[in-house]
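Asks: Let me give you the structure first, and then I'll get to my questions.
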Amino acid sequence: MSDNPFVKNFDQLLSNIKQDVQNNEHSLYIADESNDSIFSKVLVQRLTREINGKEVHFVAIRDVDLKENYKGKKLFTAFFKELNSLNINLMFHDIINDKFYSFIEKQGYKIFKEEKYGEELISLYKLKQ
């Protein structure tokens, strides 16, 4: 993981994740709150879940929220395509946006449900090939 967990844009985030994958390191990234950051919120971290009886490590996208002036510019779509090309175990954790859920599910991701604090959390994941 980079010494600095703060990221300002998708290019920086993707570059850091790629470096982590190459170095077999854990990812943990959060939004830089400076004025030149595109993120209101972002949280990327490593999660481990049991899938089909096996412990699987994921790069988990837990929260992504862009500042208003960056929404609707297909920045996330471009990031998503690049992220998928990395061939890593990837999870979008605790999805609450129905439109986003539909988009990810159409990309061949599988449903993972778990309970936390009495609430059902729905995530979508794909395993590297």
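Every read-out reported here was derived from the displayed coordinates using simple, explicitly stated rules and does not represent laboratory data. Note that the coordinates shown come from a computational prediction; the quantities given were computed from them, not determined experimentally. Ideal geometry is used to build each Cβ from the backbone, glycine not excepted, and the neighbour counts take in all protein chains shown.
Asks: Which loop-located trypsin sites (Lys or Arg not before Pro) does region 85-128 contain, where loop means any DSSP state but H, G, I, E or B and the Cβ has at most 16 other Cβ atoms within 10 Å?
Replies: Answer by residue number: 106, 128.
Asks: Let me ask something else. What is the sum of charges around residue 49, taking Lys and Arg as +1, Asp and Glu as -1, for the other residues whose C-beta is under 14 Å from the C-beta of residue 49?
Replies: With Lys, Arg at +1 and Asp, Glu at -1, the net is +2.
Asks: Output ³J(HN,Hα) for region 43-55: one whole-Hz value per residue in order, computed from phi by the Karplus curve 6.51 cos²θ - 1.76 cosθ + 1.60 with θ = phi - 60°, and x for Gly and Pro.
Replies: 9, 10, 8, 8, 10, 10, 9, 8, 10, 6, x, 10, 6
Asks: Still on this model: Just how far, in whole angstrom, is region 1-51 from region 93-107 if you go by their alpha carbon centroids?
Replies: Each part reduced to its Cα centre gives a spacing of 20 Å.
Asks: Let me ask another. Ignoring everything except DSSP H segments at least 4 long, calculate the 222 nm mean residue ellipticity for the chain; use -39,500 (n - 2.57) per segment, divide by total residues, nearest 500.
Replies: Only helices count here, giving -7500 deg cm²/dmol.
Asks: So which of 18/81; 8/106; 71/128; 106/128; 99/126 end up more than 23 Å apart, counting from Cα to Cα?
Replies: Listed pairs above 23 Å: 8/106; 71/128.
Asks: Taking Cα pairs under 8 Å and at least six residues apart, what relative contact order does region 1-112 come out at, in percent?
Replies: 21
Asks: Given a Förster radius of 41 Å and the C-beta distance between residue 15 and residue 51 as r, what FRET efficiency does 1/(1 + (r/R0)^6) yield to the nearest 0.05?
Replies: The value I calculate is 0.90.
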